[in-house]
1. Within region B:74-97, can you find the residues that are under 16 Å from B:Leu16 (Cβ atoms) and loosely packed, with under 11 Cβ neighbours inside 10 Å?
2. Taking region B:306-325, which residues are surrounded by fewer than 17 Cβ atoms within 10 Å (Cβ to Cβ) and at positive phi?
3. At least 2 residues that are surrounded by 23 or more Cβ atoms within 10 Å (Cβ to Cβ) and either touching a Ser or Thr at 6+ places or on another chain (Cβ under 7 Å) or at pLDDT 85 or above (or both) in each: list the strands (runs of 3 or more DSSP E) lying fully within region B:408-523 that qualify.
4. Test A:Val219 against the stated conditions and say whether it is over 30 Å from B:Gly347 (Cβ atoms), touching a helix residue (DSSP H, G or I) at 6+ places or on another chain (Cβ under 7 Å) and either within 14 Å of chain B (Cβ to nearest Cβ) or not charged (D, E, K, R) (or both).
5. Of these, B:Glu190, B:Glu215, which one is within 19 Å of the chain's Cα centre (by Cα), assigned by TED's automatic domain parsing to the domain that holds B:His45, buried (at least 16 other Cβ atoms within 10 Å of the Cβ) and modelled with pLDDT under 85?
6. I'm trying to understand the selection: among the residues of region B:77-128, which are over 24 Å from B:Ala205 (Cα atoms), part of a strand (DSSP E or B) and of a type in the set (Val, Ile, Thr)?
Amino acid sequence: MTRTLTSFCARFDPARHGAPLALVVILLFNLMVTPYFLQPQTLFVNISQVATIAIVAMGMTLVIATGGIDLSVGAVMALAGALAPLIFLSNFAAAHPTLGLVAAIVVPILLALCCGVFNGVLVSLLGVQPIVATLIFFISGRGLAQVLTNGNLQTFTHPSFSYLGTGRVLGLPFQGWLVLAIGAVLTWIVARSVFGRQLLAVGGNERAARLAGIPVHRVKIGAYVICSGLAGLAGLIVVAINSASDAARIGNLMELDAIAAAVVGGTLLQGGRAPIFGALLGAVIIQLVKYTLLANGVADEVALIAKAGIIIAAVYLQQARKE
Amino acid sequence: MNALRFLTIGNDMTDLIEMEGIGKTFAGIVALNDARLSIRPGEVHAIIGQNGAGKSTLIKILTGVYRRSAGDVRMNGAPLAISTPREAQDAGIATIYQELSLVPLRSVTENVVMGYEPRTRFGLIDWTAAHARTREILARFGVDIDVTRQLGSYSTAVQQLVAIARAVSLDAKLVIMDEATSSLDDQEIETLFAVINTLKATGVAVLYISHFLDELYRICDRVTIMRDGQTVNTHRVAETTKLGLVSEMLGRDASEIQAAGLTALSGGHGEPGEVLLEATEIRSKTGLRGASFTLRRREIVGLGGLLGSGRTEAARAVFGLDPLTGGTVRLSNGAPLDTPAAAIAMGIGFLTEDRKADGIIPDMSVRENITLAMLPRLKRLGAVDRERERKLVQHYIDALQIKTAGMEQPIRELSGGNQQKVLLARWLALEPEILILDEPTRGVDVGAKFEIQSIIRKQVADGLSVLLISSEFEELVEGADRIVVLQDGRSVTELHNPGVTESALIGAMAHHADAPDTKRSPL
């Protein structure tokens, strides 16, 4: 018994095991303290809220792995989320319901992908600092979304589209399954695919990667495109959950939540590592802490401070690993 | 001045630094075991040894970076307790690192007085006094520069001198120079040597670490040889021979080494085949002004020249890294070379000079580093074919005798020589027609150097063609079938083996050149 414990302690790597440990602690705490924590309703609420953070955080992880950062994800969410209702509420969609629905999902995501190409080209081909390049859409994207909708709140009733945010598969929220599917695909990409290997090489040592013949520009653009595409999808989910689209609020501050989730999950901001599952875990931890405090009557403002605490802990663990 | 008077008294003076029976273990692994070092005031003392012999560990113990596990350190006869680099500085031990620990964006003066700024009556920094003091210190070393300019705007050599000036201004009694000349050109090395002589004349001792044995003979008084974490011996430099030093470093017999030659590149020259690569009058913005050379199958062609003659630039241009502004690079099949990816696809590999910056992906495993350049070939349905990858990697780990705990070990944990072997494996795995080797054995220990050289020789016998750049004349003279000598970005002459001698090469390199030719034949 003691031996198992010592060998566990010896193998404990804060950067890799810190996040799962934190998750277990939060869950245990909730089981003891939070009323109704084991109710299915609790699970559903948390899954539907964590889904958007998780999806964006996984995309962000890829961008950070190249040594970059994407500040525009929140604005891209707003852009996609504002565009979708415009399409499925249009006369065209009234005439062709199915086609209209498909277009309402595909076109906003295509637009998001274009934003990703723009970001990626600025960063890789033109050599603009990622934080500055993505600041362009961070500022203008939401404005564009508000111009599209004249700044109005669009409310709608559209059961098919709302399935994205309220549907259930095998009793669990649809977007929860979506997160798992995306997580599985991205994990495969990072661990097994040639693109994933090249992505980590670019983040690990860009000059060496270039000299080894890796198409550095293409790889970087790819990361930004995937990140923006996922942000677009997350924007659609937010709109579908609320059956309303408010360009001013969709994805507000999402970039910070996504970066926080990625960091908590063990992503290094200097690049070279892309723990997709970690980002997922990070998103869950951030969501659960928020929920725990809220469910126990702690004010929202205090929850923000707690979030900062998690980030500090995550950074501390990363530092500990370096030494 | 005191130190000077002591010097005249004779041998029974107190050592400035005395390290006895030093031991150091890292997580159970012994790095140092009974290491000794004694430095007299005002002497230039060298430490030599292979990579992993314990040189840097010993120095880091002296400068307070590491704590020793055993042994005594005394300074002027009194026990020395140093546990941080700052305490070492206060005790008068200054270290000039290869990577400078100064602030390039601040002025020269700020860098020199940092932490010890002269103050005015009101507690503000007295810049007039600070500039004057800095100028005065630099003048002692014959350096006359604008001290108000950013340090980063000066060359590495000047920056190094500023670092030394800072050390002297802090009343250093011992200045440690770690591979100080590795990034300097010949003229700058001369300036550095002059500075070392100045330090010596004022009674400051210098501890000198270098891979270049010839430098030792020029400026060092005594030399301490280390091997496997132990001090083997300390000699007066004047009483040693190069061969003797090498054999003590390697722990091998001198006659054995002499018989084998200084490199493992020589011998086994086959009949060269058809022309594979032809560069004609190539020019670039990076400094090529008309360089021409050809490369045949089964041939090693050396690019000789002083630093800045365009050797590396020519290699980069061939590999498609820097665009040509004139001339042509033609492959036997006529394909254009405009990107590294295109060059790799055409069967060209490029082992770069700067292993850390341009070679390894530090956090990736040995396996991932080896297969980095050949990922497109290992691709199956978008994924890396792991089984083939493992087989291939294991083959090269065995063939090149890469010492690693396993193919999943991060490359950053390997020694320099083994990292270099991994990078060599990266290119050999592509089964290239042409391999460009830029300083293939720089910064690796003698043992690994021999191994790398013989791997290259074997590959050439099997049909590889090599474009070889090396600052180590032995490698060029013994290894290359032909040496194309470059000067100011132009190819000026070509030497053919057999028959090339070091002095012939040096003569060809220096001919017409204004820069003095310092012979640097390192280990």
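The values are calculated or read from the model by the stated rules, or taken from the named source; none is laboratory data. Since we're looking at a predicted model, the values are computed, not measured. Positions of Cβ are backbone-derived with ideal geometry, glycine not excepted, and every protein chain shown enters the neighbour counts.
1. If the condition is that a residue be under 16 Å from B:Leu16 (Cβ atoms) and loosely packed, with under 11 Cβ neighbours inside 10 Å, then B:Gly77, B:Ala78, B:Pro79 are the ones that fit.
2. B:Gly308
3. Answer list for region B:408-523: B:434-438, B:465-469, B:482-487.
4. So A:Val219 fails the test.
5. Values: B:Glu190 fails: buried (at least 16 other Cβ atoms within 10 Å of the Cβ).
Within the list B:Glu190, B:Glu215, the selection yields B:Glu215.
6. The answer is B:Ile125, and nothing else.
Each row is one residue, and each column tells you yes or no for (1) touching a helix residue (DSSP H, G or I) at 6+ places or on another chain (Cβ under 7 Å); (2) among the charged types (D, E, K, R).
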residue	(1), (2)
B:Gln50	yes, no
B:Arg67	no, yes
B:Gln89	no, no
B:Leu102	yes, no
B:Arg119	no, yes
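For every residue, the table says whether it meets (1) over 27 Å from the mean Cα position of the chain (by Cα); (2) surrounded by fewer than 13 Cβ atoms within 10 Å (Cβ to Cβ); (3) modelled with pLDDT of 85 or more.
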{"residue": "B:Leu250", "(1), (2), (3)": "no, no, no"}
{"residue": "B:Glu256", "(1), (2), (3)": "no, yes, no"}
{"residue": "B:Leu262", "(1), (2), (3)": "no, no, no"}
{"residue": "B:Gly268", "(1), (2), (3)": "yes, yes, no"}
{"residue": "B:Glu278", "(1), (2), (3)": "yes, no, yes"}
{"residue": "B:Glu281", "(1), (2), (3)": "yes, no, yes"}
{"residue": "B:Thr286", "(1), (2), (3)": "no, no, no"}
{"residue": "B:Ser292", "(1), (2), (3)": "yes, no, yes"}
